[in-house]
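What follows is one structure encoded as structure tokens, with my remarks underneath.
Every number in this text was worked out from the coordinates using simple rules, so none of it is lab data. What you see is a predicted model, and the numbers here were worked out from it, not measured in a lab. As a convention, Cβ positions derive from the backbone with ideal geometry for all residues, glycine included, and neighbour counts pool all protein chains shown.
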Amino acid sequence: MSTRGTGLWRWVPIAPATALLLLFLAGPIGYCVWIAFTNTQLTGASGSDFVGLDNFRRAFADGDFRNAVRLTLVFTFVSAVLGQNTLGLALAGLMRAASRPVRTVTGTLVITAWVLPEIVAAFLLYTFFRREGTLNAVLDWLHLPSQNWLFTLPILAVSFANVWRGTAFSMLIYSAALAEIPRDITEAAEVDGASGPRRVWHITLPMIRRSIGTNLMLNTLSTLSVFGLIWAMTRGGPGNRSQTLPVFMYDQAFLKSLIGYGTAVALLLLLVGSLFSIVYLRLMKVEV
Amino acid sequence: MRRTTRARLAANAALLLTAAAFALPLLWLLLASVNAEADLRVRAPSSFTADNFDAVLTDEITFTPMLNSLLLCGGATLLTVVCAALAAYPLSRHHSRFNRPYLLTILFTTCLPITAVMVPVYGLFVQVNLIDTMYGTGLFLATSQLPFSIWLMKNFMDGVPMVLEEAAWTDGASNLQTLTRVVLPLMGPGLTVVTIYTFIQLWGNFFVPFMLILSPEQMPASVSIFTFFGNYGSVIYGQLAAFSILYSAPVLVLYVLIARRLGGGFALGGAVKG
């Protein structure tokens, strides 16, 4: 029986995972906290001095940083909250009323967009939105005005790209949530004469509100860290008109060699992410 | 009855419209890959050709980057799954005050924007000489997937009843033997899901190798795809499409293999039980 292990020995198997997490995740996060308070640069012999809150003060005074914050808010709100979340819910709801082949075709296409590697998705949407691309071809065909989307509305183009890529997740979450609503409840409401929209507003939405919260939180968190999609489509440009925080962070830390400043931005991003995570955990009231 | 028919028609129409919008970029990918004169918009090729595939199926363009991806992601997946299985075992089997905070931390970590730590990770990797190494990058990739894999693995393991393990313990089996001979075989499908899901996530990861791997001969496919824009004066879109298909194929196939298990609500599996 002694081989079964008692006390601390039982916990040995957890050691490799914990070591990796401490070394490669907690380590960099801790390092992040330190670097953010220094003036470390990638090149030059300036070394790294402790500069206190300078990087943060500088960030809040920096017009480019404020621009990145604003664009991140737009990107997150348009693509995660309005786009992925609403479209995902609509698709999940419509699928319950649609016929089977339509459901299969739509589901397959939406999920394929989600499973494709990020960079491939980015190229596909890049060709789609280019001046010579498919979107303008469709608009021409419909006799609607076309334009150079990646130049005139870059942040909206990347937001739509993110909707294309990420909606499947919401669709899956909401499909599962809607499937769990007991049929007799909606039937009873129907018998009582409640119209379609009223049933959705007064019965369906309140019953899936926890899924809505969870989904909004996870969408927001994954959208906050989108880098490859935007980088491949616009590099944050033209100018800085699609430069969200991750792209700004990369630009400052590597292209402008200001590691300390870039890391301060990263730390702010981590803080926002942590806040969302904590709210998410509380909202879920995780049973562990 | 009439009303439900009309509702069905309306739902079908709305879904088909959405499906068309989702299909257009994918259609471009398929058509451009077999078109000798592919450009940026969806159009049927005047004649079908395999030239684009022929042109990219070389060591330099396809085989080396794909092999790099396979080594990098395969190695990282193996490490993640082994560590996650080991870690999940005590978390699932032994009850202690320590479980809850540990699991909450894990779940908290799965939500963090990993993108944000790439700058310090780069700095750290330069200092400890792990920069531009496959194993260093693999270690970080494995760690980035670890929290979610542990969480998923623990939930699958909770579904395996303890009766058989107790029998094994009475026969004198050690913890490790019980895990590898009794528990893991019993949760085979769950183990497959965790493995394939981890691999899919890592295969598509762009930012981590983009930052940590510098030499072209070590680039995985997710990063090497940029050479289509760099090396040639003008982008050969047909070849870019052909390469994109080759690079995406493994994850699409693997996803189909586990799709039924992932089912509706899986998406983020146990993490979204709420």
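Some points to look at:
- Positive dipole terminus of the protein assembly as shown, leading residue within A:LEU172, B:LEU27, A:LEU116 (C-beta point charges): A:LEU172
- Likely footprinting exposure, A:ASP62, A:ASP140, fewest C-beta neighbours within 10 Å first: A:ASP140, A:ASP62
- When each of A:TRP9, B:TRP203 is scored by the number of other beta-carbon atoms lying within 10 Å, the sequence from fewest to most is A:TRP9, B:TRP203.
- All-pairs Cα distance distribution in the range A:161-288, expressed in whole percent, bin size 10 Å: 11, 28, 26, 19, 11, 4, 1
- Note on chain A: dipole from Cβ charges, positive end direction compared against A:LEU156, A:PRO197, A:ASN219; the farthest Cα belongs to A:PRO197.
- By the helix-only formula, in which each DSSP H run with n ≥ 4 contributes -39500 (n - 2.57) and the sum is divided by residues, chain A has a 222 nm mean residue ellipticity of -19500 deg cm²/dmol.
- Here the residues B:LYS154, A:LYS256, ranked from fewest to most Cβ neighbours within 10 Å of their Cβ, fall in the order A:LYS256, B:LYS154.
- Across the range A:240-254, coupling constants 3J(HN,Hα) worked out from phi with the 6.51/-1.76/1.60 Karplus curve, θ = phi - 60°, read 10, 7, 10, 8, 7, 4, x, 5, 4, 4, 4, 4, 5, 6, 10 Hz, and Gly and Pro carry x.
- Projected-area average for the protein assembly as shown over all orientations - Cα convex hull basis, square nanometres: 29.7 nm²
- One Cα centroid belongs to the range A:104-137, the other to the range B:26-43; the line between them spans 12 Å.
- Computed over the range B:48-177, the convex hull of the alpha-carbon atoms projects to a mean area of 13.4 nm².
- Helix B:99-111 and the longest principal axis of the C-alpha atoms of chain B enclose an angle of approximately 10°.
- Globularity index of chain A, i.e. its alpha-carbon radius of gyration over 2.2 N^0.38 Å: 1.24
- HN-Hα J in Hz across the range B:87-95 - Karplus 6.51, -1.76, 1.60, θ = phi - 60°, x for Gly and Pro: 5, 5, 4, x, 5, 8, 9, 9, 9
- Near the amide H of B:ALA38, within less than 5 Å, lie the amide hydrogens of B:GLY238, all on another chain or at least 5 residues away, with H placed in the peptide plane.
- Under a model in which nothing but the beta-carbon of Lys, Arg (+1) and Asp, Glu (-1) is charged, chain A shows a dipole of about 240 debye around its Cα centre.
- Rounded to the nearest 20 debye, the dipole magnitude of chain B is 1560 debye, with +1 charges on Lys and Arg beta carbons, -1 on Asp and Glu beta carbons, and the Cα centre as origin.
- For A:THR38, residues with placed amide H under 5 Å, excluding near neighbours: A:VAL51
- Mean per-residue shielding of peptide A:88-97 is 3, counting Cβ atoms of other chains within 10 Å of each Cβ.
- Kyte-Doolittle mean at least -0.5 and Cα axial length at least 30 Å: DSSP H helices in chain A: A:154-179, A:259-284
- Sorting the Cα pairs of the range A:70-182 by distance into bins of 10 Å, from 0 upward, gives 14, 37, 35, 13, 2 percent per bin.
- Other protein chain C-beta atoms within 10 Å of residue C-beta, averaged over B:168-175: 3.
- Table column - 3J(HN,Hα) (Hz), the range B:157-173, Karplus curve with 6.51, -1.76, 1.60, x for Gly and Pro: 5, 4, x, 8, x, 7, 4, 5, 5, 4, 4, 5, 5, 4, 6, x, 6
- Mean per-residue shielding of peptide B:250-260 is 2, counting Cβ atoms of other chains within 10 Å of each Cβ.
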